[in-house]
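Here's the structure, in structure tokens; my notes come after.
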Amino acid sequence: MAEMAVSFARDKLLPLLSDEAKLLWNIPKEFEDIQNELEYIQGSLEKADRMAAEEGDNANKGIKKWVKDLREASFRIEDVIDEHIIYVEHQPHDALGCAALLFECNITHFIESLRRRHQIASEIQQIKSFVQGIKQRGIDYDYLIKPSLEHGSSSYRGSQSVQWHDPRLASRYLDEAEVVGLEDPKDELITWLVEGPAERTIIFVVGMGGLGKTTVAGRVFNNQKVIAHFDCHAWITVSQSYTVEGLLRDLLKKLCKEKKVDPPHDISEMNRDSLIDEVRSHLQRKRYVVIFDDVWSVELWGQIENAMLDTKNGCRILITTRMDGVVDSCMKYPSDKVHKLKPLTQEESMQLFCKKAFRYHNNGHCPEDLKKISSDFVEKCKGLPLAIVAIGSLLSGKEKTPFEWEKIRRSLSSEMNKSPHLIGITKILGFSYDDLPYYLKSCLLYFGVYPEDYEVNSKRLIWQWIAEGFVKEEEGKTLEDTAQQYLSELISRGLVQVSSFTFDGKAKSCRVHDLLRDMILRKSKDLSFCKHISKEDESMPSGMIRRLSVETFSNGLTGSTKSLHTRSLHVFAQKEEELTNNFVQEIPTKYRLLKILDFEGDLTLPGIFVPENWENLAHLKYLNIRHLAMKTEQLPKYICNLRNLETLDIRETNVSKLPKEFCKLKKLRHLLGDNLDLFQLKNGLGGLTSLQTLCDVSIPVDDNDNGVELIRKLGKLKQLRNLSLNGVKEEQGSILCFSLNEMTNLEKLNIWSEDEDEIIDLPTISSLPMLRKLCLVGKLRKIPEWVPQLQNLVKLTLENCKLTDDPFKSLQNMPHLLFLDVYYGAYEGESLNFEDGGFQQLRKLSLRGMLNLKSIIIDKGALHSLENLLFWNIPQLKTVPPGIQHLEKLQLLEIYNMADEFYECIAPDGGPLHPIVQHPSLVKIL
């Protein structure tokens with residue numbers, strides 16, 4: 001039939017067609033032409049970007065317009081390419097698809113197909129005409145672009161000659177800023193906090209943006225003297241777009257977390273009065289310190305004052321703000337204190353500058369031939385630490401010659417001399433942006449997608465970069481590895497701050513400084529990179545909206561916003577906002593070419609579900625519907641039609657069962673859920689060859705044969721990096737060992753037994769060379785022999801293992817083990833002995849729920865690097881372990897739910913062993 005259609009179209013129809021109709025048959029050739037045009041445009045944009053970095057605000061307006069047109073043309077080409085891909089995937093696979101449709105489909109489908117082809121063909125012709133005009137104008141500007149690129153004027157911008165270092169070095173950013181010029185403010189604030197009247201006191205840290213208010217407050221908040229003095233501690237970031245209820249919820253959650261109790265189950269439903277009552281209840285009879293960072297509103301204190309109970313025992317509130325009006329509105333009592341942060345002196349500024357600019361050069365000292373120009377740079381920064389750090393970081397990777405530095409100084413001068421005040425902090429940050437390699441600029445701009453003060457999970461950020469196409473393939477690396485390198489580069493340049501670390505020092509979450517975010521938002525607007533719908537922005541979105549970030553539904557803009565150019569849709573609205581079914585239903589219509597669809601926050605509302613028309617999002621690569629309520633436990637089959645999907649997060653959606661059609665998702669790299677039932681996938685599971693993350697899988701309990709077959713198929717997933725398995729049975733151990741031995745790239749493994757008496761020894765695992773994190777929950781006859789052989793393991797968790805022999809004897813020589821967590825029921829013996837020379841790299845040791853343990857001995861020379869030691873619910877342990885005084889690097893000793901005799905022996909008022917526990921920086925007792 002298809003051959004008859006082709007013959008009929010070629011011999012009978014084609015000669016009769018008009019010129020316009022013939023255009024429809026030439027789409028493949030036209031399509032190839034505009035793909036070539038896109039490569040030309042992308043190359044031109046990169047060159048223009050480098051030129052713009054050179055020219056700054058002095059760039060010719062005509063060139064700016066030309067670049068804007070280039071960018072619009074690239075957007076239009078990308079769109080028509082994606083539209084064409086969708087069209088082709090729905091058509092017969094022959095050269096004359098329309099003819100085949102005419103024979104094989106009804107006339108309605110034929111006409112609709114003809115209409116779509118006409119739209120695509122017309123758009124291609126319009127784009128080609130548009131690009132031709134851009135090219136003609138480009139000839140006029142070509143002489144401006146080429147000289148700047150060919151004669152070396154970009155030698156200090158966009159350079160990739162910077163030597164990159166361990167990203168953990170960048171985490172010292174705050175430390176370096178803190179120790180220069182902030183020691184006296186820190187000491188004064190600590191004195192105000194721990195001394196003074198019994199009445200509740202408010203302490204203000206005031207200063208303009210970039211002076212280090214948050215830095216010094218953080219230094220004080222984390223001071224061990226302050227930590228030990230107060231019963232409760234909480235840090236609340238306020239920002240400009242706060243809600244009172246949101247602040248109170250945040251405060252309540254942090255108070256509960258510190259006490260290690262769950263917050264009220266209905267906390268998300270509480271009104272302001274109920275939240276105030278709950279906070280007051282938690283603060284009752286407590287000496288607390290709460291820091292409210294970055295306060296803008298003069299109304300804030302009046303809104304939360306009733307919650308901050310005055311217990312008359314030395315409670316303190318510290319507020320950082322850049323507005324004197326906030327101080328005037330809050331300061332009511334003579335005991336309240338104000339510290340106005342001052343700029344750094346010239347000497348302090350030079351010291352900080354040298355720490356950043358010469359941190360890898362000349363032992364941190366300024367060379368003689370750079371002293372004059374370094375002094376000029378420092379003078380321009382006017383004592384603002386943020387500006388000093390930014391320009392110092394910029395210069396740290398540059399050639400240390402007066403000639404190169406003078407070129408940079410001249411480009412900064414015009415920006416910094418426009419005002420007697422240093423209005424150029426964001427300009428300096430902008431120069432750091434300009435200096436980025438082209439491939440990193442979009443990655444940095446992506447932080448502008450997130451709301452103010454947002455801490456983004458590093459993995460989530462990396463997966464979104466990949467879905468956007470920012471990450472380029474490098475030989476021998478996964479895209480995730482390359483993206484991690486991108487993030488490390490941004491951190492090392494001081495442009496991205498690490499908010500929290502994993503136990504082994506990696507960035508767990510990160511953010512950008514508020515001032516940097518302001519610059520990012522301006523860049524985003526100029527580049528049509530992202531549009532925000534927020535309470536602060538009431539303007540109607542217009543133009544080519546490439547990325548849409550929705551922070552509120554209250555202003556009604558989402559209902560009237562439609563952009564077929566949008567590639568990413570991020571929803572950050574809170575639960576109390578109204579997320580409607582209509583909005584969810586209309587997503588495929590309004591934003592047909594989406595690559596990323598990300599819902600974040602408490603959006604679980606009755607009636608919300610994933611509609612069937614989402615299968616039309618043919619280009620979707622990243623889908624996060626975490627928290628969205630689902631009507632069934634079964635994943636909708638139509639999601640399995642999203643053939644380009646790379647990341648799927650369905651945690652906390654009530655979905656656990658996956659249909660057999662799920663195996664169509666050949667490009668899926670990361671699957672995150674709760675107790676996922678993969679039973680129906682067992683025959684096709686091996687086809688998911690791109691899968692790297694699989695969390696967490698529930699092994700069938702009703703039919704052991706099915707469980708064995710599923711575990712066998714898991715062995716085909718050779719790219720897995722992260723695997724969690726629940727419900728493993730003893731008789732499945734051998735086949736599980738076989739499958740795990742096939743996963744040579746595995747980095748994280750969690751195995752949970754079916755019940756507390758199920759044995760999971762797994763004796764025949766031969767090699768997991770890349771494994772870094774291992775969690776075993778279930779009965780073990782002994783520590784498997786392969787565990788101590790894991791050369792790269794940094795974290796080991798044992799729970800309910802019911803071991804009777806001291807497990808530490810076999811583990812003590814693991815070369816890179818940093819964190820050991822021995823949890824409830826893991827060890828049933830009565831004694832433990834940490835031998836001399838054992839666990840030399842261990843930094844954190846948690847011993848919890850060991851009900852039979854009576855004695856612990858720590859030999860001198862054991863646990864050489866231990867910083868954190870936790871004892872929790874070890875009722876038979878009556879005294880501090882002998883040898884604890886040998887732990888010279890111990891910083892934190894945590895003691896929870898221990899026997900009364902244990903507390904008595906270390907009591908500060910006469911406990912016989914109290915002197916032994918005085919050497920840690922902090923002893924924390926609950």
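The values are calculated or read from the model by the stated rules, or taken from the named source; none is laboratory data. Since the structure is predicted, the reported quantities are computational estimates derived from the model, not experimental observations. All Cβ positions, glycine included, derive from the backbone under ideal geometry; neighbour counts span all protein chains shown.
How many residues does segment 322-345 contain that are of a type in the set (G, A, S) and not in a helix (DSSP H, G or I)?
Going through segment 322-345 one residue at a time, the tally reaches 1.
Any idea which of D293, D310, D324 is among the acidic types (D, E), touching a residue at least 40 places away in the same chain (Cβ under 8 Å) and closer than 16 Å to K254 by Cβ?
D293
Could you list, in sequence order, all residues of segment 627-684 that are closer than 23 Å to N581 by Cβ and of a type in the set (A, V, I, L, M)?
If the condition is that a residue be closer than 23 Å to N581 by Cβ and of a type in the set (A, V, I, L, M), then L628, A629, M630, L635, I639, L642, L645, L648, I650, V655 are the ones that fit.
Select from segment 243-263 the residues that are out of contact with any His (no Cβ under 7 Å at 6 or more places or on another chain), closer than 18 Å to E894 by Cα and among the aliphatic types (A, V, I, L, M) and list them in ascending order.
The answer is V261, and nothing else.
For segment 822-842, does any single residue satisfy the condition of being of a type in the set (S, T, Y) and in a loop (DSSP other than H, G, I, E, B)?
Checked against the condition, which is being of a type in the set (S, T, Y) and in a loop (DSSP other than H, G, I, E, B), segment 822-842 yields at least one hit.
So, in segment 625-651, of the ones that are of a type in the set (D, E, K, R) and surrounded by 17 or more Cβ atoms within 10 Å (Cβ to Cβ), which residue ends up farthest from K664 (Cα to Cα)?
R626
Taking only segment 350-408 into account, find how many residues are more than 30 Å from D518 (Cα to Cα) and acidic (D, E).
2
Rundown of residues vs (1) closer than 30 Å to L251 by Cα; (2) at pLDDT 90 or above; (3) of a type outside the set (D, E), yes/no style:
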{"position": "G314", "(1), (2), (3)": "yes, yes, yes"}
{"position": "C330", "(1), (2), (3)": "yes, no, yes"}
{"position": "V338", "(1), (2), (3)": "yes, yes, yes"}
{"position": "K342", "(1), (2), (3)": "yes, no, yes"}
{"position": "K356", "(1), (2), (3)": "no, no, yes"}
{"position": "R359", "(1), (2), (3)": "no, no, yes"}
{"position": "G364", "(1), (2), (3)": "no, no, yes"}
{"position": "L384", "(1), (2), (3)": "no, no, yes"}
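Do any strands (runs of 3 or more DSSP E) entirely within segment 647-728 hold 1 or more residues that are within 21 Å of L597 (Cβ to Cβ) and in contact with a Gly (Cβ under 9 Å, 6 or more places away or on another chain), and if so, which?
Those strands (runs of 3 or more DSSP E) span 647-649, 693-698.
Looking only at segment 284-328, count how many residues are charged (D, E, K, R) and within 33 Å of the chain's Cα centre (by Cα).
Count: 5.
Within segment 574-605, how many residues turn out to be more than 12 Å from T653 (Cα to Cα), part of a loop (DSSP other than H, G, I, E, B) and either modelled with pLDDT under 85 or not hydroxyl-bearing (S, T, Y) (or both)?
Residues flagged as more than 12 Å from T653 (Cα to Cα), part of a loop (DSSP other than H, G, I, E, B) and either modelled with pLDDT under 85 or not hydroxyl-bearing (S, T, Y) (or both) within segment 574-605 amount to 13.
Rundown of residues vs (1) under 29 Å from the mean Cα position of the chain (by Cα); (2) free of Cβ contacts under 8 Å to residues at least 24 places away in the same chain; (3) assigned to a loop (DSSP other than H, G, I, E, B), yes/no style:
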site: I203; (1), (2), (3): no, no, no
site: G210; (1), (2), (3): yes, no, yes
site: T214; (1), (2), (3): yes, no, no
site: G218; (1), (2), (3): yes, no, no
site: I227; (1), (2), (3): yes, no, no
site: S241; (1), (2), (3): yes, no, yes
site: G246; (1), (2), (3): yes, no, no
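Taking I765, is it in a loop (DSSP other than H, G, I, E, B) and not charged (D, E, K, R)?
Against the criterion (in a loop (DSSP other than H, G, I, E, B) and not charged (D, E, K, R)), I765 qualifies.
For segment 742-768, name all the residues that are buried (at least 16 other Cβ atoms within 10 Å of the Cβ), over 22 Å from E480 (Cβ atoms) and of a type outside the set (A, V, I, L, M).
W752, S753, E754, E758, D761
Is it the case that S375 is surrounded by 13 or more Cβ atoms within 10 Å (Cβ to Cβ), more than 35 Å from the chain's Cα centre (by Cα) and part of a loop (DSSP other than H, G, I, E, B)?
So S375 fails the test.
Tell me the residue from S528, S524, S542 that is more than 21 Å from the chain's Cα centre (by Cα) and at pLDDT 80 or above, please.
That would be S528, the only listed residue that is more than 21 Å from the chain's Cα centre (by Cα) and at pLDDT 80 or above.
Tell me yes or no: at least one residue of segment 487-494 is outside the structural domain of G209 (by TED's automatic domain parsing), part of a strand (DSSP E or B) and modelled with pLDDT of 85 or more.
Scanning segment 487-494 turns up no residue that is outside the structural domain of G209 (by TED's automatic domain parsing), part of a strand (DSSP E or B) and modelled with pLDDT of 85 or more.
Only one of T215, T243 is out of contact with any helix residue (DSSP H, G or I) (no Cβ under 8 Å at 6 or more places or on another chain) and of a type outside the set (F, W, Y); which?
None of the others qualify; the one that does is T243.
Quick one: is Y333 surrounded by fewer than 20 Cβ atoms within 10 Å (Cβ to Cβ) and either not assigned by TED's automatic domain parsing to the domain that holds P385 or not hydrophobic (A, V, I, L, M, F, W, C) (or both)?
For Y333, the condition - surrounded by fewer than 20 Cβ atoms within 10 Å (Cβ to Cβ) and either not assigned by TED's automatic domain parsing to the domain that holds P385 or not hydrophobic (A, V, I, L, M, F, W, C) (or both) - is met.
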